[in-house]
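A.B. asks: Here it is, the structure, as structure tokens.
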Amino acid sequence: MKLFISKTPLRISLFGGGTDLKSYYKKENGAVMSFSINKFLYVILKKNERLVDFKYRINWSKTEFTNNINSIEHPIVRETFKLFKIDFPIEVSTFSDIPANTGLGSSSAFAVGLVHCVSKLLNLNYSKSRIASTAAKIEIDILKRNIGKQDHYASTYGGFNIFKFEKSEKVIILEKILNRSIINKINNSFLIFFLNKKRDASKILGNQKKLNNKNFVKLGEIKKRVFIARNIIKKNEKNLISNLGNLLSESWDLKRENNKNVSYKFVDLMNEEGIKLGAFGGKLLGAGGGGYFLFMANKDVKKKLINKFQKLPNIKVKIHQSGTKIIYINV
């Protein structure tokens, strides 16, 4: 028996979302500012002995048993096993700190964690770049999901990054721009509420498969906010958080204008109430349509927000500096 466990961070995307989709960066380079968080998805991969009832066992929201790789229902598992030509008894299990389909990149984190485990099992010694690009290939190129590839890189590399997506499919990580002081300021500004509503990112982003001129212009404006945010952080002035928060709201407004499916009445009202109470800015995380809403605010305003939206669960997150890791091996 060989057993591997990966621990992969989920992520929060601040600026530039949508420009990491192939429909955009194949025409003009995309850019995203995002960071991994201290909430994780775990993948357990076990190569079984020959004496088993079924070749493939997959434990997720249900348990699957099959001897035929094409019969595996979990799409990421099925296509990963096919890509790596897994033709021996094997078992996969997964669990997460956060529910799936809530805007924190859980499906991509699963793809990354699974690719990481399989590559270790097969002694392939994949680099971080290879893990991220392979996970993105499985979801985007093979499964044809209408999603960007920022999540695969954020979960693989970890930390606070600006990723640049080039027409050639090359992904560049721009230089680190945070010191410990800035990290603490940003960490202390976050407040995230769970909206008790899940959604399918691929469906919400469906209108970005073919961009019209209006979409392309809006996404260009969204991308500009990545580099404005970069300059704000580099200056590290006293009003760092308020400036970032205001920019976050600008970006969220642009995203709503670009895709009417990303928001709905409750979220719009929640955002307005939060700003009235003194939040510097806010946005719905991920593709939109549900999941988590992020506010940036000072300590006193965060207390007001928690009181105002007390029916909604809130979570505390921090920037996590490490990407996907193999945390257990038994060979």
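The values are calculated or read from the model by the stated rules, or taken from the named source; none is laboratory data. This is a predicted model, so every value here is computed, not measured. Here Cβ is always computed from backbone atoms with ideal geometry, including for glycine, and neighbour counts include all displayed protein chains.
A.B. asks: Against the conditions (1) surrounded by fewer than 20 Cβ atoms within 10 Å (Cβ to Cβ); (2) under 20 Å from the mean Cα position of the chain (by Cα); (3) within 27 Å of residue 310 (Cβ to Cβ); (4) touching a residue at least 60 places away in the same chain (Cβ under 8 Å), where does residue 256 fall short? Just the number, please.
C.D. replies: (4)
A.B. asks: Looking at residue 224, is it under 19 Å from residue 31 (Cβ atoms), modelled with pLDDT of 90 or more and surrounded by fewer than 21 Cβ atoms within 10 Å (Cβ to Cβ)?
C.D. replies: Numbers: under 19 Å from residue 31 (Cβ atoms): yes; modelled with pLDDT of 90 or more: yes; surrounded by fewer than 21 Cβ atoms within 10 Å (Cβ to Cβ): yes.
Taking the combined requirement at face value, the residue satisfies it.
A.B. asks: Hey, another quick one. Does residue 323 satisfy the condition of being over 18 Å from residue 101 (Cβ atoms) and without any contact (Cβ under 8 Å) to a residue 60 or more places away in the chain?
C.D. replies: Against the criterion (over 18 Å from residue 101 (Cβ atoms) and without any contact (Cβ under 8 Å) to a residue 60 or more places away in the chain), residue 323 does not qualify.
A.B. asks: Any idea how many residues of the stretch 151-200 are buried (at least 18 other Cβ atoms within 10 Å of the Cβ) and assigned to a loop (DSSP other than H, G, I, E, B)?
C.D. replies: Summing the residues that are buried (at least 18 other Cβ atoms within 10 Å of the Cβ) and assigned to a loop (DSSP other than H, G, I, E, B) in the stretch 151-200 gives 5.
Rundown of residues vs (1) outside any strand (DSSP E or B); (2) at positive phi; (3) surrounded by 22 or more Cβ atoms within 10 Å (Cβ to Cβ), yes/no style:
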site	(1), (2), (3)
4	no, no, yes
8	no, no, yes
11	no, no, yes
18	yes, yes, yes
28	yes, no, no
35	no, no, yes
45	no, no, yes
52	yes, no, no
57	no, no, no
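A.B. asks: Sticking with this structure for a sec: Limited to the stretch 141-150, what total is found for residues that are crowded, with 19+ Cβ neighbours inside 10 Å and either basic (Lys, Arg) or assigned to a helix (DSSP H, G or I) (or both)? Break it down stepwise before answering.
C.D. replies: Let us first name the residues in the stretch 141-150 that are crowded, with 19+ Cβ neighbours inside 10 Å, namely 145-150.
Next cut, either basic (Lys, Arg) or assigned to a helix (DSSP H, G or I) (or both) only: 145, 149-150.
Summing the residues that are crowded, with 19+ Cβ neighbours inside 10 Å and either basic (Lys, Arg) or assigned to a helix (DSSP H, G or I) (or both) in the stretch 141-150 gives 3.
A.B. asks: What about residue 131, is it assigned to a loop (DSSP other than H, G, I, E, B) and in contact with a Ser or Thr (Cβ under 7 Å, 6 or more places away or on another chain)?
C.D. replies: Criteria not met by residue 131.
A.B. asks: Among the residues of the stretch 81-114, write down those that are of a type in the set (Ser, Thr, Tyr) and outside any helix (DSSP H, G or I).
C.D. replies: Answer for the stretch 81-114, where residues must be of a type in the set (Ser, Thr, Tyr) and outside any helix (DSSP H, G or I): 93, 94, 96, 102.
A.B. asks: Would you please name the residue that is surrounded by the most Cβ atoms within 10 Å (Cβ to Cβ), looking only at residues in the stretch 74-86 that are without any contact (Cβ under 8 Å) to a residue 24 or more places away in the chain and over 23 Å from the mean Cα position of the chain (by Cα)? Full working, then the answer.
C.D. replies: Initial filter on the stretch 74-86 (without any contact (Cβ under 8 Å) to a residue 24 or more places away in the chain): 74, 78, 82, 85.
From the residues that got through so far, the ones that are over 23 Å from the mean Cα position of the chain (by Cα) too are 82, 85.
On the way: 82: 15, 85: 9.
Checked the stretch 74-86; the qualifying residue surrounded by the most Cβ atoms within 10 Å (Cβ to Cβ) is 82.
A.B. asks: While we're here: Go through (1) out of contact with any strand residue (DSSP E or B) (no Cβ under 8 Å at 6 or more places or on another chain); (2) exposed (fewer than 13 other Cβ atoms within 10 Å of the Cβ); (3) at pLDDT 95 or above for residue 298 and report which single condition fails.
C.D. replies: (2)
A.B. asks: Can residue 90 be described as among the hydrophobic types (A, V, I, L, M, F, W, C), modelled with pLDDT of 95 or more and surrounded by fewer than 20 Cβ atoms within 10 Å (Cβ to Cβ)?
C.D. replies: No.
A.B. asks: On the basis of being within 21 Å of the chain's Cα centre (by Cα), within 20 Å of residue 119 (Cβ to Cβ) and hydroxyl-bearing (Ser, Thr, Tyr), does residue 6 make the cut?
C.D. replies: In short, yes.
A.B. asks: Residue by residue through the stretch 273-331, note down the ones that are more than 30 Å from residue 43 (Cβ to Cβ) and polar (S, T, N, Q).
C.D. replies: Residues of the stretch 273-331 that are more than 30 Å from residue 43 (Cβ to Cβ), as a first pass: 273-282, 295-311.
Across the stretch 273-331, the qualifying residues are 298, 307, 310.
A.B. asks: Among the residues that make up the stretch 306-315, is at least one of them under 24 Å from residue 159 (Cα atoms), buried (at least 23 other Cβ atoms within 10 Å of the Cβ) and under 25 Å from the mean Cα position of the chain (by Cα)?
C.D. replies: no
A.B. asks: Looking only at residues in the stretch 204-214 that are surrounded by 15 or more Cβ atoms within 10 Å (Cβ to Cβ) and out of contact with any helix residue (DSSP H, G or I) (no Cβ under 6 Å at 6 or more places or on another chain), which one is modelled with the highest pLDDT?
C.D. replies: 207
A.B. asks: Has the stretch 229-242 got any residue that is in contact with a strand residue (DSSP E or B) (Cβ under 7 Å, 6 or more places away or on another chain), under 22 Å from residue 19 (Cα atoms) and without any contact (Cβ under 8 Å) to a residue 60 or more places away in the chain?
C.D. replies: Within the stretch 229-242, the first condition is being in contact with a strand residue (DSSP E or B) (Cβ under 7 Å, 6 or more places away or on another chain), and the residues that meet it are 229-230, 241.
Next, only the ones that are under 22 Å from residue 19 (Cα atoms) stay: 229-230.
Right, trim to without any contact (Cβ under 8 Å) to a residue 60 or more places away in the chain and you get none.
No, every residue in the stretch 229-242 fails to be in contact with a strand residue (DSSP E or B) (Cβ under 7 Å, 6 or more places away or on another chain), under 22 Å from residue 19 (Cα atoms) and without any contact (Cβ under 8 Å) to a residue 60 or more places away in the chain.
A.B. asks: Continuing with the same structure: Out of the residues in the stretch 20-64 meeting the condition of being more than 18 Å from residue 80 (Cα to Cα) and of a type in the set (Lys, Arg), tell me which one is modelled with the highest pLDDT.
C.D. replies: 39
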